[in-house]
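All of the numbers you see were taken from the coordinates with simple rules; none came from a lab. What you are looking at is a predicted structure, and each value in this text was computed from that prediction instead of being measured. Every residue, glycine among them, receives a Cβ derived from its backbone with ideal geometry; neighbour counts consider all protein chains shown.
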Ligand code: HXC
């Protein structure tokens, strides 16, 4: 599908994407790269990172892969530093790393619950926290007026309830809360624009293949308002819009302005 955006819309922007080696994260890496951004992807598996970086470079995208687990603060710190040192700045952080498996609440151990909270929620906060120094206005590689951008990927499971996904629902609800609170605090204090995208079921992702085998996919399609499952491209285009200058006065930053007026 042709992009509705200019191909240089992210020219010169350095983007770090957790979970960028596969699924939605990889599509965001690809589309951001095709729109001018330099890309750093973070993931636990070297082989996945290597082949993702090779695929990005074959498209002419300036890309690096950095191994790390978002659950480990030292990994988060070293990947953020490596991004800055190798690419010269850090303008956009996309938190797309997530863990998931289907299990009933009865069979889920507290450690299983904690594991997904650690990856999705604590991992997202840890990455934001480590990146703050570079994303805030006046930070290294940045002018004194303009901060960077954060995009957190959550889900829609927790808006209602979902079978065998209590851990993921709780974790993604926390991600949405992190997004709102950082948008408020870091928008006001540091000019960092923080937005979230909550995808429903998305075709061709590890999440969907794990959670819903092909036989169930056709049933999901029937439940969708558009009778189709979302595409990774849809999410990447939303992320692109929110990261671009076109998205700079939207959503939370607008809300923040209104709040200031009301105060
Ligand atoms: C029950 C499980 C389990 C399973 C792990 N656990 N897998 N419990 N069923 N299938 C429990 C373990 O028993 C253990 O608890 C605890 O979780 C930690 O397990 P480990 O294997 O030691 O953890 P780890 O190796 O760190 O792996 C964590 C992982 C991860 C979450 C399983 O490897 C993983 O899933 N990676 C895949 C990433 C993925 O699928 N990404 C897509 C996300 S999709 P005990 O008590 O035994 O010690 C997404 C979209 C959602 O987010 C929306 C979709 C519509």
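Considering segment 190-210, the residues that are in contact (Cβ under 8 Å) with a residue 24 or more places away in the chain and in a helix (DSSP H, G or I) include one that is farthest from the ligand (Cβ to nearest atom), namely 190. Considering only segment 84-107, I want to know if a residue exists there that is out of contact with any helix residue (DSSP H, G or I) (no Cβ under 6 Å at 6 or more places or on another chain), closer than 18 Å to residue 15 by Cβ, part of a helix (DSSP H, G or I) and within 16 Å of the ligand (Cβ to nearest atom). There is no residue in segment 84-107 that is out of contact with any helix residue (DSSP H, G or I) (no Cβ under 6 Å at 6 or more places or on another chain), closer than 18 Å to residue 15 by Cβ, part of a helix (DSSP H, G or I) and within 16 Å of the ligand (Cβ to nearest atom). Among the residues of segment 86-100, those that are surrounded by fewer than 23 Cβ atoms within 10 Å (Cβ to Cβ) and closer than 21 Å to residue 121 by Cα comprise 99, 100. Considering the conditions (1) more than 15 Å from the ligand (Cβ to nearest atom); (2) over 17 Å from the mean Cα position of the chain (by Cα); (3) over 22 Å from residue 85 (Cβ atoms), residue 125 is excluded by exactly one of them, (2). Of the residues that sit in segment 162-180 and are surrounded by fewer than 18 Cβ atoms within 10 Å (Cβ to Cβ), without any contact (Cβ under 8 Å) to a residue 40 or more places away in the chain and touching a helix residue (DSSP H, G or I) at 6+ places or on another chain (Cβ under 7 Å), which one is nearest to residue 192 (Cα to Cα)? Only one residue fits best here, namely 173. When the residues of segment 111-122 are narrowed to those that are near the ligand (Cβ under 7 Å from one of its atoms) and out of contact with any helix residue (DSSP H, G or I) (no Cβ under 7 Å at 6 or more places or on another chain), which ends up nearest to residue 167 (Cα to Cα)? Among them, the one singled out is 115.
Against the condition within 15 Å of the ligand (Cβ to nearest atom) and in a strand (DSSP E or B), how does residue 42 come out, does it pass? Against the criterion (within 15 Å of the ligand (Cβ to nearest atom) and in a strand (DSSP E or B)), residue 42 qualifies. Yes or no: segment 62-81 includes at least one residue that is in contact with a strand residue (DSSP E or B) (Cβ under 8 Å, 6 or more places away or on another chain), touching a residue at least 60 places away in the same chain (Cβ under 8 Å) and within 23 Å of residue 242 (Cβ to Cβ). There is at least one residue in segment 62-81 that is in contact with a strand residue (DSSP E or B) (Cβ under 8 Å, 6 or more places away or on another chain), touching a residue at least 60 places away in the same chain (Cβ under 8 Å) and within 23 Å of residue 242 (Cβ to Cβ).
Give the residues of segment 182-198 that are within 20 Å of residue 156 (Cβ to Cβ) and surrounded by fewer than 19 Cβ atoms within 10 Å (Cβ to Cβ), sorted by residue number.
The answer is 198, and nothing else.
The residues of segment 142-160 that are away from the ligand (no atom under 13 Å from the Cβ) and either more than 17 Å from the chain's Cα centre (by Cα) or farther than 16 Å from residue 244 by Cα (or both), listed by number, are 142, 143, 144, 145, 146, 147. Among the residues making up segment 32-61, those that are closer than 18 Å to residue 148 by Cβ and touching a residue at least 40 places away in the same chain (Cβ under 8 Å) are 32, 35, 37, 38, 40, 42. For segment 35-53, a tally of residues being out of contact with any strand residue (DSSP E or B) (no Cβ under 9 Å at 6 or more places or on another chain) and surrounded by 19 or more Cβ atoms within 10 Å (Cβ to Cβ) returns 1.
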